[in-house]
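The values are calculated or read from the model by the stated rules, or taken from the named source; none is laboratory data. These numbers were taken from a predicted model, which means no experiment stands behind them. A quick note on method: Cβ atoms are made from the backbone with ideal geometry, for glycine too, and the neighbour counts reach across all protein chains shown. Calculation scope for accessible area: heavy atoms of the full protein, side chains included, ligands and nucleic acids excluded. Shrake-Rupley method; radii C 1.70, N 1.55, O 1.52, S 1.80 Å.
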Amino acid sequence: MNPAQHTAAVAAEAAGFVATVKAADLSAPVPTCPGWTLADLTRHVGSVHRWFTELLRQRIQQPPTSRDVDLRLPQERDGLPDWLAASAAEAAEVIAATDTDAPMWAWGVDQHARFWVRRMLFETLVHRADAELALGITPHIDRPLAVDGIDEFLTNLPFASPFAPLTAQLRAPDRTIRFSCTDGDGDWLVGLRPDGFALIAQDAQDAHDAGDTGGAGRRAADATVRGTAEDLLLLLYGRLDHRGDSFDLRGDQDLLTLWFTHSAF
């Protein structure tokens with residue numbers, strides 16, 4: 001997906017979130033976000049939109065020293081869905097006026113404004129799924145969006161330790177985990193080393209798959225997780241259990257336990 005598609009998807013996901021919670025009881029608990037209600041979830045998503053919008057507006061070039069931003073929260077809880085819609089509309093205006101290819105500080109790999117648009121998208125999408133799950137609705141994620149989300153998550157996760165400290169424990173003596181889609185193209189190989197972990201780039205992955213023989217084919221990773229793109233994305237974010245029937249797990253189960261115990265945020 002490209003930045004224009006990410007921008008359009010942010011608006012669509014925000015609208016879907018608003019539609020989901022508008023008629024709901026905002027005091028309802030959100031099981032996938034323990035301790036939160038739908039009101040808390042809505043407040044969080046709108047706050048993210050306003051915070052990321054401010055970062056884009058300032059086009060910051062170094063880590064911010066403060067997270068203070070005028071959230072303009074409504075006085076009444078029932079006003080939160082409309083407030084979120086307004087937050088998303090403001091974000092859309094700022095994104096439209098922003099060169100997404102402009103250099104900009106980001107906590108992840110892509111040091112451009114487009115990082116924040118893509119991050120806003122998947123923050124909104126995953127929490128839209130949280131809201132639906134809280135209301136007994138099975139979330140649906142279009143496959144291209146899910147594939148892009150998996151890639152975004154695995155690319156940036158090695159840099160998430162400031163707010164996801166458990167990721168610092170994803171260490172192993174040169175082990176690999178493969179995530180593969182069962183509903184089409186989509187394959188990611190993660191390498192764990194004693195000093196950290198990272199998504200292995202496709203060209204390096206091809207060399208790994210060929211092994212030392214120079215032959216074609218795919219060498220087995222130390223552990224493999226297979227599922228649909230939609231399910232894999234929700235799994236990586238900790239919204240599904242890897243031990244469920246939706247997934248085919250192969251290889252080192254202890255390695256998979258290490259991953260799923262320390263990787264979600």
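Tell me which residues, restricted to the stretch 5-27, are in a helix (DSSP H, G or I) and either without any contact (Cβ under 8 Å) to a residue 40 or more places away in the chain or hydroxyl-bearing (Ser, Thr, Tyr) (or both).
Matches in the stretch 5-27: Gln5, Thr7, Ala8, Ala12, Ala19, Thr20.
Testing Gln111 on (1) open to solvent by 40 Å² or more (accessible area, probe 1.4 Å); (2) touching a residue at least 12 places away in the same chain (Cβ under 8 Å); (3) in contact with a strand residue (DSSP E or B) (Cβ under 7 Å, 6 or more places away or on another chain), one condition comes back false. Which one is that?
(2)
Any residue in the stretch 207-216 that is in a loop (DSSP other than H, G, I, E, B) and at pLDDT 95 or above?
No, that holds for no residue.
So which of Arg72, Arg43 ends up being assigned to a helix (DSSP H, G or I), over 23 Å from Trp105 (Cβ atoms) and open to solvent by 50 Å² or more (accessible area, probe 1.4 Å)? It would help to see each step written out before you state the result.
Numbers: Arg72 fails: assigned to a helix (DSSP H, G or I).
Within the list Arg72, Arg43, the selection yields Arg43.
Inside the stretch 242-265, can you point out the residues that are in a loop (DSSP other than H, G, I, E, B) and open to solvent by 70 Å² or more (accessible area, probe 1.4 Å)?
Arg243, Asp245
Do you know which of the residues in the stretch 75-98 that are open to solvent by 40 Å² or more (accessible area, probe 1.4 Å) and part of a loop (DSSP other than H, G, I, E, B) is farthest from Asp40 (Cα to Cα)?
Among those residues, the one meeting the criterion is Ala97.
What residue, of Thr37, Thr32, Thr7, Thr20, is of a type in the set (Ser, Thr, Tyr), under 17 Å from Arg119 (Cα atoms) and not assigned by the TED database to the domain that holds Leu240?
Just a single option satisfies the conditions, and that option is Thr7.
Restricted to the stretch 129-150, and to residues that are open to solvent by less than 20 Å² (accessible area, probe 1.4 Å) and among the charged types (D, E, K, R), which residue is farthest from Ala28 (Cα to Cα)?
Here the residue is Asp148.
Inside the stretch 224-241, can you point out the residues that are within 21 Å of Pro34 (Cβ to Cβ) and open to solvent by 40 Å² or more (accessible area, probe 1.4 Å)?
Correct list: Gly238, Leu240, Asp241.
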